[in-house]
Amino acid sequence: SRALGILGGGQLAQMLALAALPLGVRVVVLEPDPQAPARLCAEHIQAPYTDPAGLNRLATCDAVTLEFENVPVEALAALEGRVPVRPGGDLLARSKHRAREKEALRAAGARTAPFVPIEYGADLEGALERVGGRGLLKTSELGYDGKGQARVSGEAELREAWETLGRVPCVLEGLIPFEREVSLGVARSAAGEVAFGPLVENTHRAGILRTSVYPSAAPEGTEAQARAVARAVAGAWGLEGLLTLEFFQLPGGELLVNEVAPRVHNSGHLTQDGGGVSQFEAQVRAVLGLGLADWAPLHPTAMVNVIGTGDGREPDWAAIDALPGTRRHLYHKAPRPGRKLGHVNLVAPDVGTLRDRLTRLEALIP
Ligand code: ATP
Ligand code: MG
Ligand code: MG
């Protein structure tokens with residue numbers, strides 16, 4: 001059988017491992033956290049991402065991928081030349097740094113929000129005006145789930161946000177009055193063949209993804225537009241493996257790229273239960289060269305994230321299980337406020353039924 005190495009052992013690694021097994025692929029994860037979700041379904045090397053013995057073990061696999069962009073580029077550099085690493089270090093270096101990512105997206109022909117990289121305090125001068133007077137200051141590195149960012153609508157607020165975020169390199173982005181948010185995955189083989197995931201519509205709460213729905217309510221032509229951008233970025237960046245793009249759709253229909261993830265994405269979890277190939281299987285296939293095909297669900301599908309609450313309220317599991325078409329996916333993580341603990345997928349025979357059940361499902365998940 002084949003072996004796939006993964007840098008990172010979180011819930012994405014857990015679900016990649018669950019998708020890999022039926023393909024005849026075993027998974028080995030390198031992950032320092034002893035409680036990492038993937039420990040229960042993969043070989044777990046509990047060591048830092050740069051640990052030489054751990055990296056030697058990954059180098060014996062047929063290919064290596066990642067499930068987390070905050071792994072050091074040095075870990076990938078130590079593997080490159082010994083084992084196919086997909087995506088590679090160059091692509092990781094771009095996608096883990098917001099300013100570099102936005103510049104590389106524009107170089108590939110994609111549109112983004114107006115932005116100004118902020119390296120030093122002096123860069124704040126006039127920056128807010130240049131992005132339209134209202135914006136978000138985001139740290140260039142390490143931000144996720146809306147952490148490491150602040151909304152600003154005045155010069156004083158901007159300076160305060162820069163202090164609060166720790167005077168680290170940031171990007172100031174213009175606030176986009178978007179109509180909706182959508183996302184799309186793209187996979188590319190080493191030979192340059194491309195395949196796409198579904199166009200999914202996303203809603204956020206307090207900066208954290210709350211629901212994803214397929215099909216989206218986006219107008220005709222949106223999916224083709226998203227695919228064209230994804231194809232251009234995948235080609236220009238020399239993608240091998242899978243990449244997910246998050247978009248803002250403007251009222252006129254145009255798509256701006258918000259950010260990209262060099263991997264499967266929370267918004268793609270609904271592909272696990274839509275009857276088609278899942279995004280996890282798609283990443284395993286793309287990385288190991290097992291053949292690429294589009295991976296849209298065959299039925300209307302939605303996902304609701306289960307996020308730790310401050311007051312310890314829990315989802316009503318009995319009622320969720322009783323709702324037709326639901327399936328639980330839990331990550332074996334200790335609950336903490338704001339932490340992603342799992343998700344529930346929902347599949348329905350038609351869009352109307354999906355909408356109706358999604359409203360009921362959401363009410364059962366605090
Ligand atoms: P994650 O990686 O978990 O998706 P993140 O911390 O990298 O999140 P972003 O994706 O940059 O954060 O932003 C989180 C959400 O905040 C977006 O999905 C969107 O709803 C809102 N948001 C971010 N940037 C802007 C913007 N420029 N204009 C309007 N809304 C924005
Ligand atoms: Mg992000
Ligand atoms: Mg995001």
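The values are calculated or read from the model by the stated rules, or taken from the named source; none is laboratory data. Remember, it's a predicted structure, so these values are computed and weren't measured experimentally. Note that each Cβ is placed from the backbone with ideal geometry, even for glycine, and that neighbours are counted across all protein chains shown.
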Looking at 138, 147 in this structure, which one is surrounded by 19 or more Cβ atoms within 10 Å (Cβ to Cβ) and either assigned to a loop (DSSP other than H, G, I, E, B) or within 16 Å of ligand 3 (Cβ to nearest atom) (or both)? 138
Between 209, 199, 184, which is surrounded by 21 or more Cβ atoms within 10 Å (Cβ to Cβ), in contact with a helix residue (DSSP H, G or I) (Cβ under 7 Å, 6 or more places away or on another chain), closer than 30 Å to residue 83 by Cα and outside the structural domain of residue 135 (by TED's automatic domain parsing)? 184
Residue 191 vs (1) part of a loop (DSSP other than H, G, I, E, B); (2) of a type in the set (A, V, I, L, M); (3) modelled with pLDDT of 95 or more: all pass except (3)
Looking at (1) part of a strand (DSSP E or B); (2) under 18 Å from the mean Cα position of the chain (by Cα), which is the one condition that is false for residue 91? (1)
Got a sec? Which of 281, 246, 254 is within 13 Å of ligand 3 (Cβ to nearest atom), of a type outside the set (A, V, I, L, M) and modelled with pLDDT of 95 or more? 246
Residue in segment 150-165 that is farthest from ligand 3 (Cβ to nearest atom), counting only those that are part of a strand (DSSP E or B) and of a type in the set (A, V, I, L, M, F, W, C): 152
Does segment 294-307 hold any residues that are part of a loop (DSSP other than H, G, I, E, B) and over 17 Å from the mean Cα position of the chain (by Cα), and which are they? 294, 297, 298, 299, 300
Here are 291, 310: which of them is within 24 Å of the chain's Cα centre (by Cα) and assigned to a loop (DSSP other than H, G, I, E, B)? 291
Looking at the structure I just gave you, is residue 225 away from ligand 1 (no atom under 15 Å from the Cβ), assigned by TED's automatic domain parsing to the domain that holds residue 308 and either surrounded by fewer than 21 Cβ atoms within 10 Å (Cβ to Cβ) or not charged (D, E, K, R) (or both)? yes
Which of (1) surrounded by fewer than 23 Cβ atoms within 10 Å (Cβ to Cβ); (2) of a type in the set (A, V, I, L, M, F, W, C); (3) closer than 19 Å to residue 63 by Cα is the odd one out, the single condition residue 280 does not satisfy? (1)
Please enumerate the residues belonging to segment 270-286 that are within 14 Å of residue 214 (Cα to Cα) and either outside any helix (DSSP H, G or I) or over 17 Å from the mean Cα position of the chain (by Cα) (or both). 273, 274, 275, 276, 278
Could you list all residues from segment 235-267 that are among the small types (Gly, Ala, Ser) and either within 11 Å of ligand 1 (Cβ to nearest atom) or part of a loop (DSSP other than H, G, I, E, B) (or both)? 238, 252, 253, 261, 267
